[in-house]
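These notes concern the structure reproduced below.
Derivation of every value follows stated rules applied to the coordinates shown; laboratory data play no part. What you see is a predicted model; the values in this text were computed from it and never measured. Neighbour counts are summed over all protein chains in view; Cβ atoms, including those assigned to glycine, are modelled from backbone coordinates with ideal geometry.
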Amino acid sequence: EAALHRDTTARIVDVLAEGRPVRSGTWNAREVDSMRDAQLITAKPVLYVCNVDESGIRGNEYVEAVRSYAKAEDSGLIVICAALEAEIADLDPDDQADFLTEAGLDEPGLSVLAREAYRLLGLETFFTVGPKEIRAWTVRKGTRAPQAAGVIHTDFEKGFIRVEIYRIEDLLGHGSEVALRAAGKIRVEGRDYVFEDGDVAHFRFNV
């Protein structure tokens with residue numbers, strides 16, 4: 001382990017000596033674990049957000065310059081028009097779709113920003129549904145069912161038995177869990193189930 005730390009540190013020094021951020025290097029899983037305790041600022045993921053006017057929403061020479069820089073260091077990039085986003089935020093939800101179509105956009109920039117940030121950080125969202133609300137919970141990609149349950153409450157993880165799973169888009173399409181059951185859209189998973197972005201979970205546990 002000490003040899004791993006030594007060799008990883010030597011490689012970090014080489015990358016920094018070249019004037020490059022640590023994230024631009026090629027690192028295996030053991031090296032990433034080795035450098036984690038160092039909390040290196042330039043090892044952290046970066047997302048560049050280019051704010052443009054309406055004419056540059058599909059990109060321009062400045063965006064392409066930033067894109068090249070971001071690609072060289074393996075960072076993310078999105079393009080938004082803050083002026084348009086302000087107008088979208090002031091509209092009623094029913095009017096937003098028409099406005100986006102007229103602006104040549106598929107969705108608000110805020111949605112793109114949130115999704116790209118989650119991707120960059122290796123995060124995803126699952127949901128729980130109650131009689132009054134739907135709640136969103138954030139977990140890391142690759143999280144198994146008991147650990148996902150523990151995000152809600154530690155007792156859920158300790159006493160995990162199984163989880164009923166369906167997709168949020170299926171709930172929105174069918175309208176209710178009763179309809180989902182009738183359509184065979186709800187399945188039961190055990191401890192080894194790996195959560196996916198957009199899952200809706202109903203945990204069964206005993207403590």
Inset, instruction - Would you work out the relative contact order for the chain, in percent, from Cα pairs under 8 angstrom that are 6 or more residues apart? - result: 16 percent
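Please find the FRET efficiency linking Asn60 to Trp137, where r is the Cβ-Cβ separation and R0 is fixed at 41 Å, and quote it to the nearest 0.05.
Values: r = 38 Å, r/R0 = 0.94.
That pair, Asn60 with Trp137, gives E of 0.60.
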Inset, instruction - At 7 Å along the Cα-to-beta-carbon direction for both Ala70 and Glu196, put a label point, then send me their distance in nm to one decimal. - result: 2.7 nm
Legend entry - Cα-centre dipole for the stretch 80-207 with unit charges at Cβ (Lys and Arg positive, Asp and Glu negative), debye to 20: 1240 debye
Inset, instruction - Calculate for the chain the 222 nm mean residue ellipticity that helices alone would give, adding -39,500 (n - 2.57) per DSSP H run of length 4 or more and normalising by residue count, nearest 500 deg cm²/dmol. - result: -13000 deg cm²/dmol
Inset, instruction - Please list the non-local residues whose amide H lies under 5 Å from the amide H of Val46, H modeled 1.01 Å from N, same-chain partners needing a gap of 5 or more. - result: Gly76
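May I ask you to list the trypsin sites (Lys or Arg not before Pro) in the stretch 1-101 that are in a DSSP loop and have at most 11 other Cβ atoms within 10 Å of their Cβ?
Arg58
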Inset, instruction - Among Ala70, Leu100, Ile57, flag the residue with its Cα farthest along the positive direction of the charge dipole of the chain, charges on Cβ as +1 for Lys/Arg and -1 for Asp/Glu. - result: Ala70
Inset, instruction - Using Kirkwood radius over Cα pairs in Å as the read-out, say which of (i) 20.7; (ii) 19.4; (iii) 18.6 was calculated from these coordinates. - result: (i)
Legend entry - Computed label-point distance, nm, for sites Tyr118 and Leu47 using a 7 Å Cα→Cβ extension: 1.0 nm
Legend entry - Residues of type lysines that Lys158 reaches as a straight line, Cα spacing below 21 Å, ignoring anything fewer than 8 places off in the same chain: Lys141
Legend entry - Charge-dipole axis of the stretch 112-160 as Lys and Arg at +1 and Asp and Glu at -1 on Cβ define it, positive-most pick from Leu121, Ile152, Thr138: Leu121
Legend entry - Stretchable slack from Arg20 to Val207, in nm (0.36 nm times residue separation minus alpha-carbon distance): 62.2 nm
Inset, instruction - Give me the number: length gained by fully extending Gln96 to Lys158, i.e. 0.36 nm times residue separation minus the C-alpha to C-alpha distance, one decimal in nm. - result: 17.9 nm
